[in-house]
Amino acid sequence: MSLTTFAAVAQAAAPAAGAAPQGAFGFSPLIMMAVLFGIFYFMMIRPQMKRQKEHRALLAALAKGDEVVMSGGMAGRIEDVGESFVRVEIAPGTVVQVQKGSITQVLPKGTLKKS
C-alpha cells in the first residue's frame, strides 16, 4: 500500500467537520444533567423539605396536655412546653425533659388512657 493510498483512505474515514458529537438520545450532556437534576429535585429534595415544614408546624403547635410519641418510641402527656425543651409525663409521677425535636407524632386525645 502506497503512502498516497493510505492518505486517501484516512481522509474518507474522517467525520464531517461541522458535526458535533451528540450525547445519549440526541441530547447534549448539559441538557441531560439539567433533566437529571430536575428529577432528583422532585423525587428527593422537595418531599424532604415538605416533611421538615410539617414537623416544624407540629412542634410549633405543641401545648400542655397533648399526648405525644417521642423518637425513642416512648409516649406521654406534655406537662410544660419551653423554648427548646418539653417536659413529658411518661408514667404517673414520672416526668422527663426532652428536646422538642425528639417529638415525632401527636396522638389523638385519650389514646394513652386506652393502653
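Here, each number is a calculation from the coordinates, and none is a lab measurement. Since this is a predicted model, take the numbers as computed values, not measurements. Please note: Cβ atoms are built from the backbone with ideal geometry, for glycine as well, and neighbour counts cover all protein chains shown.
Being surrounded by 14 or more Cβ atoms within 10 Å (Cβ to Cβ) and farther than 22 Å from K113 by Cβ is the filter here; which residues of the stretch 59-84 pass it?
The answer is L59, and nothing else.
Filter the strands (runs of 3 or more DSSP E) completely within the stretch 45-115 down to those with at least 2 residues that are touching a strand residue (DSSP E or B) at 6+ places or on another chain (Cβ under 9 Å) and among the small types (G, A, S).
Filter on the stretch 45-115 gives 75-81.
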